[in-house]
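Asks: Structure incoming, see below.
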Amino acid sequence: MSQAHVGLIGLAVMGENLALNIEEKGFPIAVFNRTVSKVDDFIARNPGKQLVGTHSIEEFVGALERPRRIIVMVKAGAPVDEQMAHLRPLLEPGDIFIDGGNSWFLDTERRSKEFAEHGLNFVGMGVSGGEEGARNGPSLMPGGSPEAYAALAPMLTKIAAQVDDGPCVTHIGPGGAGHYVKMIHNGIEYGDMQLIAEAYDILSRVGGFSADELHDIFADWNAGELQSFLIEITRDIFAKKDPETGTPLVELILDTAGQKGTGKWTSQNALDLGAAIPTINAAVEARLISALKAERVAASQVLKGPDVSALQVDRIKLVEQVRQALYASKICSYAQGMALLRLASEEYGYSLDLSEMARIWKGGCIIRAQLLDQISRAFRRNQALPNLLVDEEFRSQVDDRQEAWREVVSIAVRAGVPVLAMGGSLGYFDMYRTARLPANLIQAQRDYFGAHTYQRIDREGVFHTEWAE
């Protein structure tokens with residue numbers, strides 16, 4: 001039997017689809033799963049393909065050509081370490097272990113060092129696009145050594161999503177860089193989803209738009225500057241009816257949003273690095289509040305807000321205002337994510353190419369959007385760009401939408417419709433553009449109660465004042 005070019009462990013939905021993608025692109029692949037019946041079932045469901053089913057780790061490793069390329073698609077955390085422990089004694093110098101899950105990037109840093117001590121390569125690779133992306137072309141974010149990437153590149157460039165300027169994959173950087181960038185991708189995804197949800201909430205509760213009308217609105221939006229995967233699927237969601245009742249299915253879904261941790265990790269890491277990402281943080285907090293369903297229902301009986309029905313708005317005008325507000329808010333959300341990537345690149349020595357990060361997100365991944373082409377261009381124009389908001393193109397776009405953006409946030413506040421993320425984006429913009437913030441008072445307070453000292457604007461040095469007479 002000829003040896004397989006690559007092996008994959010973990011035949012859940014993502015693993016199966018990625019394996020089929022790899023095989024379809026001309027790379028024979030060996031597969032293994034802890035429950036070996038899944039291997040036989042997978043092979044039986046896909047006859048005539050270059051798939052090698054194996055029933056033990058030893059058989060799996062023996063089925064691979066050198067250097068061995070092993071993609072592990074298992075749950076993050078202990079399961080990855082368990083697979084490492086099983087495989088390491090069977091591998092030889094130069095072999096490559098690829099963790100394709102959503103692992104914490106510092107775990108990837110640790111694992112990379114452990115494998116390097118044995119002459120082995122560890123690649124932490126972010127994979128975005130869900131099961132459809134895995135099957136038809138995901139956005140891939142591999143970190144690790146340049147040598148390991150060179151051995152993987154012929155395959156990765158074929159299986160990744162393809163866009164006008166190349167495959168949606170690049171060598172991200174050393175160590176945990178790939179998983180770090182995937183984490184930030186997911187944080188931006190959280191912000192994007194929450195902003196869209198708030199736009200829906202305003203249109204539904206203030207404008208009184210039905211699901212059918214919202215379908216038409218989002219279809220129109222997806223044909224313009226808001227074009228993106230998330231706007232596209234939101235359009236489709238509003239069109240779906242419950243087969244039993246005929247009610248729009250979205251209206252029957254319990255309003256508690258789940259999360260797998262990457263959004264929370266983004267917020268935690270941003271705090272560690274001292275980066276401001278209020279839109280992404282708001283999105284994480286909104287999911288946490290949504291989980292308090294019983295408390296919210298009880299609170300709604302005693303905590304009263306404005307009468308939404310008393311607010312008179314021009315429905316047609318509202319749609320355009322919300323569209324502009326959503327676009328401006330999205331720019332701020334992406335600006336926060338890219339600024340965090342820049343800061344982390346310096347802190348962790350990743351040497352990230354921000355133009356390339358935006359480019360590989362143009363296809364395959366959940367946050368793919370027309371906007372990313374502009375972001376990639378902005379960082380090509382100026383690699384040292386500190387923030388998207390000061391790029392000439394984005395500065396003009398936000399300025400043109402300011403009036404509508406502020407009006408929408410104002411309408412939401414007057415109607416009592418929560419806009420944590422949209423308000424967070426606007427607050428971020430206003431703080432970032434303000435030359436003098438009220439932090440001078442905070443420094444005075446800190447010096448008053450804790451002798452933390454302060455600096456002055458009219459002279460050099462560090463000062464302390466005895467504030468109490």
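The values are calculated or read from the model by the stated rules, or taken from the named source; none is laboratory data. As the structure is a prediction and not an experimental result, all values here were calculated from the model. Heads up, the Cβs are rebuilt from the backbone with ideal geometry, glycines too, and the neighbour counts pull from every protein chain shown.
Asks: Go through the residues of the range 424-444 one by one and say whether even a single one is touching a strand residue (DSSP E or B) at 6+ places or on another chain (Cβ under 7 Å), more than 19 Å from Tyr334 (Cβ to Cβ) and either in the same structural domain as Ile202 (by TED's automatic domain parsing) or not hydroxyl-bearing (Ser, Thr, Tyr) (or both).
Replies: Yes, because at least one residue in the range 424-444 is touching a strand residue (DSSP E or B) at 6+ places or on another chain (Cβ under 7 Å), more than 19 Å from Tyr334 (Cβ to Cβ) and either in the same structural domain as Ile202 (by TED's automatic domain parsing) or not hydroxyl-bearing (Ser, Thr, Tyr) (or both).
Asks: Could you please give the count of residues in the range 242-276 that are among the β-branched types (Val, Ile, Thr), outside any helix (DSSP H, G or I) and closer than 10 Å to Tyr190 by Cβ?
Replies: Of the residues in that region, 0 qualify.
Asks: Continuing with the same structure: Does the range 412-427 hold any residues that are surrounded by fewer than 21 Cβ atoms within 10 Å (Cβ to Cβ) and under 21 Å from the mean Cα position of the chain (by Cα), and which are they?
Replies: Leu420, Gly423, listed by residue number.
Asks: Can you tell which of Asp220, Asp192, Asp236, Asp255 is within 19 Å of Ile316 (Cα to Cα), charged (D, E, K, R) and either touching a helix residue (DSSP H, G or I) at 6+ places or on another chain (Cβ under 9 Å) or assigned by TED's automatic domain parsing to the domain that holds Gly129 (or both)?
Replies: Asp220
Asks: Same structure, new question: Within the range 381-403, identify whether any single residue is more than 27 Å from the chain's Cα centre (by Cα) and either crowded, with 18+ Cβ neighbours inside 10 Å or not assigned by TED's automatic domain parsing to the domain that holds Leu354 (or both), and answer yes or no.
Replies: no
Asks: Would you confirm, using the coordinates I've provided, whether Phe449 is outside any loop (DSSP other than H, G, I, E, B), more than 27 Å from Gln227 (Cβ to Cβ) and either touching an Asp or Glu at 6+ places or on another chain (Cβ under 8 Å) or not β-branched (Val, Ile, Thr) (or both)?
Replies: Here the answer is yes, as Phe449 does meet what is asked.
Asks: I've got another one for you. Would you confirm whether any residue within the range 178-192 is more than 19 Å from the chain's Cα centre (by Cα), buried (at least 19 other Cβ atoms within 10 Å of the Cβ) and in contact (Cβ under 8 Å) with a residue 24 or more places away in the chain?
Replies: So far as the range 178-192 goes, no, none of its residues is more than 19 Å from the chain's Cα centre (by Cα), buried (at least 19 other Cβ atoms within 10 Å of the Cβ) and in contact (Cβ under 8 Å) with a residue 24 or more places away in the chain.
Asks: Considering the range 105-138 alone, what residues qualify as being part of a strand (DSSP E or B) and touching a Lys or Arg at 6+ places or on another chain (Cβ under 7 Å)?
Replies: Result: Phe122, Gly126, Ser128.
Asks: Another one. Does Ser410 meet the test of being under 30 Å from Gly207 (Cβ atoms) and touching a Cys at 6+ places or on another chain (Cβ under 9 Å)?
Replies: no
Asks: Would you check if there is a residue in the range 454-463 being in contact (Cβ under 8 Å) with a residue 12 or more places away in the chain and out of contact with any strand residue (DSSP E or B) (no Cβ under 8 Å at 6 or more places or on another chain)?
Replies: no
Asks: Another question about this same structure. Given the criterion at pLDDT below 95, surrounded by 22 or more Cβ atoms within 10 Å (Cβ to Cβ) and closer than 18 Å to Gln336 by Cβ, identify the matching residue among Ala358, Ala369.
Replies: Ala369
Asks: Could you figure out which of (1) closer than 21 Å to Gly101 by Cβ; (2) buried (at least 16 other Cβ atoms within 10 Å of the Cβ) isn't true of Val163?
Replies: The single condition Val163 does not satisfy is (1).
Asks: May I ask you to list the residues in the range 293-321 that are modelled with pLDDT of 95 or more, of a type in the set (A, V, I, L, M) and in contact with a Gly (Cβ under 8 Å, 6 or more places away or on another chain)?
Replies: The answer is Leu318, Val319.
Asks: Moving to a separate point now. Taking Leu371 as meeting all but one of (1) more than 21 Å from the chain's Cα centre (by Cα); (2) closer than 13 Å to Cys332 by Cα, write down the number of the exception.
Replies: Of (1) more than 21 Å from the chain's Cα centre (by Cα); (2) closer than 13 Å to Cys332 by Cα, only one is false for Leu371: (1).
Asks: So if I check each of Glu109, Glu117, which one is assigned by TED's automatic domain parsing to the domain that holds Gly15, without any contact (Cβ under 8 Å) to a residue 12 or more places away in the chain and more than 22 Å from Glu59 (Cα to Cα)?
Replies: Every option except Glu117 fails the conditions.
Asks: Which ones in the range 229-266 are over 22 Å from Ser204 (Cα atoms) and surrounded by 20 or more Cβ atoms within 10 Å (Cβ to Cβ)?
Replies: Hits for the range 229-266 are Thr262, Gly263, Trp265, Thr266.
Asks: Would it be correct to say that Ala404 is under 30 Å from Ala161 (Cα atoms) and either among the small types (Gly, Ala, Ser) or in contact with a His (Cβ under 6 Å, 6 or more places away or on another chain) (or both)?
Replies: For Ala404, the condition - under 30 Å from Ala161 (Cα atoms) and either among the small types (Gly, Ala, Ser) or in contact with a His (Cβ under 6 Å, 6 or more places away or on another chain) (or both) - is not met.
Asks: Now for a separate question. Do we have any residue at all in the range 94-104 that's within 26 Å of the chain's Cα centre (by Cα) and over 22 Å from Leu11 (Cβ atoms)?
Replies: yes
Asks: Among the listed residues Ser333, Ser329, which satisfies the condition of being among the polar types (S, T, N, Q), under 14 Å from the mean Cα position of the chain (by Cα) and surrounded by 23 or more Cβ atoms within 10 Å (Cβ to Cβ)?
Replies: Ser333
Asks: On to the next question. Might you let me know whether the range 342-349 holds any residue that is assigned to a loop (DSSP other than H, G, I, E, B) and assigned by TED's automatic domain parsing to the domain that holds Thr234?
Replies: Yes; the residues of the range 342-349 include at least one that is assigned to a loop (DSSP other than H, G, I, E, B) and assigned by TED's automatic domain parsing to the domain that holds Thr234.
Asks: Also, I was wondering about something else. Just wondering, is there one or more residues in the range 171-191 that are of a type outside the set (Phe, Trp, Tyr), part of a loop (DSSP other than H, G, I, E, B) and closer than 17 Å to Gly364 by Cα?
Replies: yes
Asks: Quick one: is Ala298 touching a residue at least 24 places away in the same chain (Cβ under 8 Å), in a helix (DSSP H, G or I), on the phi < 0 side of the Ramachandran plot and among the small types (Gly, Ala, Ser)?
Replies: no
Asks: Determine whether Thr170 is hydroxyl-bearing (Ser, Thr, Tyr), touching a helix residue (DSSP H, G or I) at 6+ places or on another chain (Cβ under 7 Å), modelled with pLDDT of 95 or more and more than 20 Å from Arg68 (Cα to Cα).
Replies: yes
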